[in-house]
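See below for the structure under consideration.
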Amino acid sequence: MDAHELITRNAAEVVTEAEIEALADDPEGKRAYVGYEPSGVLHIGHMLTANKLIDLQEAGFEVTVLLADVHAYLNDKGSFEEIRHTAERMRDQFIAYGLDESNTQFVLGSDFQLDDDYTLDLHALELETTLARAERAMAEISSGDSVKVSQAVYPLMQALDIPYLGVDLAVGGMEQRKVHMLARDVLPSIDREPPTSLHTPLIADLGTGRGKMSSSEGVTISMEDSREDIESKVNDAYCPPTADPEPTDDGAERENPVLQVFEYHVFPRFDAVTVERPEEYGGNLEYDAYDDLEADLESGELHPADAKGALAEYLDRLIAPGRQQLAE
């Protein structure tokens with residue numbers, strides 16, 4: 001793959017394409033970042049953006065991972081001491097998952113977000129941003145009906161982090177799109193460049209195929225899961241024999257999360273995938289590309305149960321190093 005293909009592989013959206021093409025023309029030494037609230041254990045959502053960071057490192061980018069301890073504090077996730085301990089655990093898990101340690105900088109938000117210059121620029125953004133505009137950006141972050149002042153400041157800090165980290169590309173899930181669009185709107189008001197951004201897809205809930213997979217509700221997969229846990233969760237996953245399932249009776253759209261995890265997690269990390277089957281059922285199937293696996297599921301050549309068995313195997317291979325790190 002060339003640099004542009006690596007940068008855009010499995011991206012749901014880039015903003016803007018022209019800016020991405022300029023980065024792809026000369027990626028060496030460019031810097032990309034993702035920010036995470038320290039939450040203790042990496043789950044499949046963290047791993048999705050981490051896969052993109054691995055792609056970017058292969059393309060020539062340097063990577064910054066912001067372990068957003070101040071954001072977590074604003075989101076009422078514990079004391080600073082607790083949050084920073086959690087951040088250290090997450091750092092080790094990212095390295096175990098596959099980020100190139102020599103080409104990855106881990107930064108605590110408190111390393112720069114409490115400085116005078118940052119605080120004054122944050123106040124300048126507050127002067128330029130209406131509460132309604134901030135609320136639109138934090139719609140995917142806040143919970144409940146009552147909005148706290150800290151939650152309104154949260155997306156402005158996310159916007160300001162981008163120039164203070166000195167990055168060329170902001171990476172996040174599609175739920176971060178509103179924040180990145182806010183950043184493009186407000187950063188020019190303090191003479192900062194609007195950021196280029198890349199958004200990864202959202203994976204549907206593993207059990208239902210609806211909405212998005214979440215660590216706070218529904219079924220998710222994390223580095224705490226044993227092989228048996230992974231097998232159980234994947235065996236119970238929603239997996240019709242198609243990539244385009246029918247909506248629910250109440251009209252809600254559904255995806256096939258088993259295929260999504262194959263596409264966004266497994267194939268980017270493995271050159272080939274083997275689906276093991278007894279000879280009496282046709283023997284093993286070998287896939288060099290995701291599209292071939294999807295086509296076989298659609299045609300009936302690949303049974304959903306066999307697909308699930310292979311998915312559990314490859315997920316366990318991805319998660320095992322992080323699980324071992326947690327055990328140590």
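List of remarks:
- Here the range 145-162 is scanned for amide nitrogen atoms under 20 Å from the site 7 Å beyond the Cα of Arg133 along Cα-to-Cβ, giving 148-162.
- The range 3-200: relative contact order in percent, alpha carbon pairs under 8 Å with at least 6 residues between: 27
- Sites Ala295 and Arg317, calculated FRET efficiency, Cβ-Cβ separation with R0 25 Å, nearest 0.05: 0.55
- Residue among Gly35, Thr208, Met138 farthest towards the positive dipole end of the chain, charges placed on Cβ: Met138
- Per residue, the accessible area of the range 227-327 comes to 51 Å² when a 1.4 Å probe rolls over the protein heavy atoms.
- The chain: most fluctuating residue of Gly172, Gly300, Gly207 per GNM, C-alpha cutoff 10 Å: Gly300
- Here the dipole of the range 1-101 is about 440 debye; that uses its Cα centre as origin and unit charges on the Cβ of Lys and Arg (positive) and Asp and Glu (negative).
- Stokes-Einstein D for the range 233-328, Kirkwood Rh over Cα pairs, 10 °C, 1.306 mPa s (µm²/s): 111
- Check: the chain dipole with +1 on Lys, Arg Cβ and -1 on Asp, Glu Cβ, in debye: 960
- Gain in span if fully extended, Glu17 to Asp288, counting 0.36 nm per residue against the direct Cα distance: 94.8 nm
- Theoretical ellipticity at 222 nm over the chain - DSSP helices of four or more residues, -39500 (n - 2.57) apiece, nearest 500: -14000 deg cm²/dmol
- Accessible surface of the chain [probe 1.4 Å, protein heavy atoms]: carbon and sulfur percent: 44
- Positive-pole candidate from Ala289, Gly300, Thr104, dipole of the chain, charges at beta carbon: Thr104
- Residue-wise HN-Hα coupling along the range 5-11, computed from phi with Karplus coefficients 6.51, -1.76, 1.60 (Hz; x: Gly, Pro): 5, 5, 5, 9, 4, 6, 7
- Whole-number accessible area per residue in Å² for the range 41-159, which is evaluated in the context of all protein chains at 1.4 Å: 45
- Candidate membrane-span-like segments in the chain, meaning DSSP H helices with Cα atoms spread over at least 27 Å of their own axis and a Kyte-Doolittle mean of -1.0 or above, are 304-327, with no membrane implied.
- Dipole moment magnitude, nearest 20 debye, the range 110-242 about Cα centre, only Lys, Arg, Asp, Glu C-beta charged: 600
The values are calculated or read from the model by the stated rules, or taken from the named source; none is laboratory data. Predicted model, so just to flag it, every value in this text is computed and none were measured. Glycine also receives a Cβ, built like all others from the backbone with ideal geometry; neighbour counts cover every protein chain displayed. Protein only, heavy atoms only, side chains kept; ligands, DNA and RNA dropped before computing areas. Shrake-Rupley method; radii C 1.70, N 1.55, O 1.52, S 1.80 Å.
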